[in-house]
Amino acid sequence: MTWHGNTGPSDCRSGRILSSVVGRLWAGGLLIGLLLAGGVTVAAIGAVHERQTLDTLTQVVQPLQMANTELRSGFSQCENWYFSYRLMGRGNYLGAFRTCGADFQLTLDSAMRLAHLAHPSLLPLVESQERAAQSWFSLAERDAVVNGRAGPGGLSTPAVNASVSFFAANAVMQQRIDQARDLAARAGQDSLGSELRYGALFVGLVLVALVVGVTLVVRSVVGPLASLGPTLARLASGDHTARTTVRQPAEIAAVARVIDDLAQEGELLIEAEKEHTRLRALAQEAGIRIRANLNANAVVREAVTRLERDLAIDLAFIVPVTDGRLGSPQAYHDAPGHELFGRLRPGDEHWPPGLLQDRLVIQDLHGEPGGRVPPQTRGELLGDGYVSAAFMPVGAGDQPLGVVVGLRRDLNRPWRPAEIDAFEWIAADLGRGLKHAQMYEAEQELVEKFRSLDQVKTDFMANVSHELRTPLTSVAGYVEVLKDGAAGPVSADQHKILDTINRNASRLRSLIEDLLTLSKIEVGTFKTVMHPVRLADVISFPVAAMSPVAEKGDLEIRAEAVGQELTLNGDEGQLDRMMMNLLSNSVKFTPPGGTITVSADRDGAMAIVRVSDTGIGIPEKDKERLFNRFFRGSNAVSAELPGTGLGLSIVRTIVANHGGEMDVQSDEGHGTLVTIRLPLSSEGADAGADRHPEMEALG
């Protein structure tokens with residue numbers, strides 16, 4: 001069977017087939033409905049009958065059975081109380097016997113009502129139990145009154161017969177109740193079997209009706225649906241140009257139209273996604289080129305050039321924020337709208353409000369949306385032929401930097417969503433690029449200022465240090481002349497004064513030397529002239545020079561032995577200054593009675609020099625800044641110990657110039673150990689490796 005949209009007789013035939021399918025579906029539905037209604041009716045009748053049977057069993061038979069059982073157990077309990085009374089003679093047992101009789105009568109009344117509800121034939125059985133029980137209770141009460149004393153005693157023969165009659169009637173009653181229960185259960189089972197048979201019949205009829213209905217649907221519907229398969233397969237494979245040809249029946253034709261609409265929409269979405277991907281790639285490339293510039297003007301120039309070229313914008317420019325207000329338009333390139341910029345006055349009142357918070361796209365400046373642009377600016381734009389505009393805020397974080405404006409002259413080229421997104425991405429990259437450029441320019445300006453200040457400081461230190469050396473040398477010379485008595489006799493007090501002047505002149509000379517050394521390091525003139533130097537000389541000369549100073553401070557300098565053959569490749573003057581600074585620090589920061597120890601050793605191709613003292617040590621919080629220039633430990637400052645804070649910084653520079661390493665270990669109040677590792681010259685290393693070093697005492 002073929003389903004195509006032909007005209008003429010085939011249309012009439014298709015209409016009849018469509019009508020037949022509908023009629024058969026209605027007939028099948030009606031038949032199935034009737035069958036279901038019949039099944040429901042049978043099920044309802046069966047349910048009612050089943051419910052009645054269950055009600056009889058649960059509400060009458062079972063309660064009657066329980067009441068009959070309670071009669072037997074209650075009568076037995078009463079007998080027990082009576083016999084307990086006769087045996088023990090206690091009055092409370094007699095009271096319990098009489099209470100039990102009252103309870104037994106209540107249970108007997110309940111059993112009487114239930115037997116009447118269950119079946120009239122059960123009522124005489126309950127009555128026979130009642131007569132036997134009443135006879136027994138009368139005889140038992142009389143015997144209790146007559147023979148009420150304690151001691152063994154029994155019932156009379158009539159009372160015993162009455163008890164036997166009661167239990168016999170109760171047993172018959174129980175048997176009849178069991179028969180009634182079994183009869184009700186069989187009736188329920190028979191009813192259930194009938195219901196199942198009728199239910200199976202109706203289910204079979206419903207299945208037949210369903211088979212007929214499905215056959216009609218298959219013949220009328222599956223064929224047209226199958227013809228949709230090839231189209232769906234082509235669409236699933238990615239061919240969104242595939243279309244359906246089904247025109248009948250109407251329901252399937254509607255599905256076919258939906259499939260065609262979805263295919264067309266998918267084709268449009270794919271084209272839009274391709275365009276979106278293309279513009280995203282262009283925006284990413286533009287962002288890379290924008291952020292590559294470190295000049296604000298170059299950043300804006302790159303951004304507006306990319307917007308005009310990649311998004312087909314006739315004119316793009318930025319309106320920067322100056323002192324929190326929108327300023328004059330700027331393009332930073334040879335844009336065709338420079339004459340327009342001259343007519344657009346700066347200020348927030350000449351631009352649409354809210355531009356710094358959200359984007360604004362106006363597809364037609366002539367229409368109602370164009371009314372959001374202030375009249376003067378709108379008139380200028382329309383006068384130059386621009387008919388659509390897009391405004392994108394530019395910022396870095398919460399800081400607004402301006403607004404990027406894009407203008408077009410062609411109404412047939414509206415702003416598409418992909419273009420708006422690309423515009424927004426480029427605007428975001430422009431904000432980041434501008435912020436980065438501004439930060440870079442500010443950083444460069446700051447670096448230049450610091451460089452100038454550093455140069456001024458270096459020049460000042462060099463000049464001051466150089467100028468101070470000459471008068472200081474003169475002062476030291478005249479002090480020596482006075483001490484030698486060339487200007488006349490010098491008293492003991494005057495000698496002390498001259499010694500103080502000489503000591504402070506030496507401190508000032510040391511400070512000047514440190515400043516000169518620091519100045520040379522900063523300007524790059526601190527040259528290291530390498531030549532072989534004996535390690536013993538590097539240690540012995542500074543130790544000898546500092547020993548008198550240590551003795552005056554009641555300190556002991558211990559210099560351990562060092563091999564004469566150990567040789568360094570270094571600058572003798574710098575190494576001497578390194579040791580002098582270390583020993584000077586130890587002498588300065590060690591209280592009277594302390595000890596300073598200098599030792600040297602060899603570790604492979606390295607010389608190990610150690611300077612330790614029992615001084616005030618270095619606080620833990622100060623260790624990170626120990627090598628900073630002009631930094632002094634907090635405990636030294638609080639103790640008002642003299643110093644410049646340059647010694648260790650210069651020592652580290654000298655050690656680094658010789659390719660060595662330096663380590664400082666110190667605990668506050670427990671002294672300091674400075675360890676320096678310097679490479680031995682090839683001769684010194686070989687000599688130390690070939691034989692044991694010859695040891696010579698120092699100091």
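Where a number appears in this text, it was derived from the coordinates with a stated rule and is not lab data. Because the structure is a prediction, the values reported are computed rather than measured. Ideal geometry is used to build each Cβ from the backbone, glycine not excepted, and the neighbour counts take in all protein chains shown.
Data overview
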item	result
Backbone HN-Hα couplings from phi across segment 72-80 [Karplus 6.51/-1.76/1.60, Hz, Gly and Pro as x]	5, 5, x, 5, 5, 5, 5, 4, 4
Estimated Rh, segment 354-423: Kirkwood, alpha-carbon pairs, angstrom	12.7 Å
Inter-site label distance for Thr277 and Arg113 at 7 Å from Cα along Cβ, in nm	8.7 nm
Residues with amide H under 5 Å from that of Gly615, placed H, sequence gap 5 or more	Gly671, Thr672
Derived scalar couplings ³J(HN,Hα) [segment 92-104; Karplus, 6.51 cos²θ - 1.76 cosθ + 1.60; whole Hz; x for Gly, Pro]	5, 5, 5, x, 5, 5, 5, 5, 4, x, 5, 5, 4
Cβ crowding within 10 Å averaged over residues, with 546-555, 433-442 ranked highest first	433-442, 546-555
Amide H partners (placed H, <5 Å) of Arg558, local residues excluded	Ile596, Thr597, Val598
In sequence order, calculated HN-Hα J values of segment 480-488 (Karplus, 6.51, -1.76, 1.60; Hz; x Gly/Pro)	5, 4, 5, 5, 6, x, 5, 9, x
Amide proton proximity set for Met606, modelled H, under 5 Å, gap of 5+	Leu680
Subset of Lys588/Lys621; Lys496/Lys588; Lys552/Lys621; Lys483/Lys552; Lys496/Lys552 violating a 23 Å alpha-carbon distance limit	Lys552/Lys621
Quarter of the Cα convex hull surface for segment 73-154, i.e. its orientation-mean projected area (nm²)	5.1 nm²
Cα-based equivalent ellipsoid of segment 528-572: semi-axis lengths in Å, sorted from largest, via gyration tensor	25, 13, 5
